[in-house]
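Taken together, the values in this text are just the output of simple stated rules run on the coordinates, not laboratory data. Everything quoted here is computed from the prediction, not taken from an experiment. Cβ coordinates were reconstructed from backbone atoms using ideal geometry, including for glycine residues, and neighbour counts include every protein chain displayed.
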Amino acid sequence: MFPDFLPAAVHQLSEETSIQQAEAIQRLEVQVQVQGGELPIATTYTCRGVGGTPILLLHGFDSSVLEFRRLQPLLAQSQETWAVDLLGFGFTERLPQSSFSPAAIKAHLYGFWRQAIARPLILVGASMGGAAALDFALTYPEAVERLVLLDSAGIANGPVLGKYLFPPFDSLAANFLRRPGVRNQISYSAYCDKSFNSADARCCAALHLDCSGWKQALIKFTKSGGFPSFASQLRQLDLPSLIIWGEEDRILGTKDAERFRKGLVNSQLVWVPSCGHVPHLECAEKTRQAIERFLGEEGNRE
């Protein structure tokens, strides 16, 4: 049974992994520190599996916990695994007074970690979620034991053009991103094997668009400039790090993979052949194997 706070279009999901992930979504009132006090934000997340160091999965731009519908259940077979909708994204509440800047996203993520997990974790970030993971690990090193980046943003600066999108152009840009044809093209470009761009995949990618405040939050985040480059700060992170990258990434390309490997002093790079920008969706089993080898748990499955 689907949670009643999800948009009605959730009933259009057709693949079992998508249905099960949507059914697993829960909400938690996260107290976020803001100027003048604390702000409660109804935060959506999934938690599957038990045991081991907790894993926390962070989705990409304009996405949700449904992005991990294939990877999370695989990791949860042997380890406690969480996924959370970042502030301004997914099905997490978008309050009008929120700023939806990278700093606000980090404060919200810290509040979620403090209330729901409160233990050192393995932080896994995909695309924009990788930039969020880097930002969080740099600020709260005590909370992060290991870091995994999946075709991650964080080398280049965010799109500064958004700072200059004034009405009505900001609304027009958001409406353009909402168009099914535009979203279909983005989804199509994310995969090497285009058969993954199914009706179910497109439903997962667009379901959160029906949530209250989607357009306003997207505009505010874009105007903030998005996540900056962390290239000059990577050497501050000496925690064990794994970089997983699809060899056929047509969204971010492949050059940043090696830049991350060189910048993160205690890192290793794993290439996923015949895979695009989303290895956790297109090559979920290979991604699981790479993560579990990195965590030293591969032997537990034999």
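Quick notes on this structure:
- Ascending count of other beta-carbon atoms within 10 Å, so fewest first, for Arg183, Arg48: Arg183, Arg48
- When each of Val265, Val32, Val278 is scored by the number of other beta-carbon atoms lying within 10 Å, the sequence from fewest to most is Val265, Val32, Val278.
- Built amide H within the under 5 Å cut-off of Gly246, gap 5+: Asp151, Val272
- Lysines with Cα under 22 Å of Lys255, excluding same-chain neighbours fewer than 8 positions away: Lys286
- Each residue in Phe2, Phe176 was given a count of other beta-carbon atoms within 10 angstrom of its own, and listing them fewest first yields Phe176, Phe2.
- Compared with the direct C-alpha span, the chain from Arg261 to Ser212 gains 13.7 nm at full extension, assuming 0.36 nm per residue.
- By DSSP, the beta bridges lying fully in the chain are antiparallel in about 35 percent of cases.
- Straight-line reach from Lys194: taking Cα to Cα under 20 Å and skipping same-chain neighbours fewer than 8 places apart, the aspartates and glutamates in range are Glu15, Glu16, Glu67, Asp151, Glu247, Glu248, Asp249, Glu282, Glu285.
- Gln289-Ser14 FRET efficiency (beta carbon distance; Förster radius 35 Å; 0.05 resolution): 0.85
- Using the Cβ-Cβ distance between Gln233 and Ala103 with R0 = 25 Å, the FRET efficiency computed as 1/(1 + (r/R0)^6) comes to roughly 0.95.
- Label selected from (1) 6, 28, 36, 21, 8, 1, 0; (2) 6, 23, 24, 17, 10, 7, 5, 4, 2, 1, 1, 0; (3) 6, 29, 39, 22, 3, 0, the criterion being P(r) over Cα pairs in 10 Å bins from 0, in percent as computed here: (3)
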